[in-house]
Amino acid sequence: RAIAERLVPHTYEWNERARQWRWEVNLLMDKQINAFCMPGGKIAFYYGILDQLKLTDDEVAMIMGHEMTHALREHARERIGKNMATRGAIELGAAIFGLGDVARGVAGIGGQLLTLSFGREDESEADLVGLELAARAGYDPHAGVTLWNKMSAASKGAPPPWLSTHPTGPTRIRDIERALPQVEPLYARAARPPQRYGPPAAKG
């Protein structure tokens, strides 16, 4: 919640309505490696992502900024609209050309691939905007690289990027590394958050 408090003021330029959102953070006691942010600012982290990946504050900020961006940029609404439009076009085409169920099934697979490409764009935007939000809040943007190294290690056997809404770890890491020169100055100017764990007390 302390991390969210630092990130929220930097969300307004991405969506003016975020000023009226009732932001909140909840922890879900589940082993899943996952997190999300609903429209309106309801953020949730699964216990599994914190525990299994042993996340630092900087890495939590990267995930939180990413999930906030999905809500700020209304990606869920866009995906629903695109899915409905694609499905409607497939059904209309099947009716007009008298396609059978088999042809409709093949067309459905094509429609899935179209919507998947939109999903990858959303994920890439969320990575980069989330990186900026975290950097402006004083969290080290280089944590985006360490985070996705941890994610990659935890998701062996993941599908290739062209068949997934989530780009693979190496793809994300390359994109983040390319973006670092743009966000490093933001991080350099930002006030640093207090550390959760201070140095050990001096003996004697």
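Values quoted throughout were computed directly from the atomic coordinates according to the rules given, and no laboratory measurement underlies them. Everything numeric in this text was worked out from a predicted model, so none of it was measured. Glycine gets a Cβ as well: all are built from the backbone with ideal geometry, and neighbour counts include every protein chain shown.
A few notes on this one:
- The local environment of A154, defined by Cβ-Cβ distances under 13 Å, has a net charge of +2 under the rule Lys, Arg +1 and Asp, Glu -1.
- Here the spin labels are modelled as points 7 Å beyond Cα on the Cα-Cβ line, and at Q182 and N149 they lie 2.4 nm apart.
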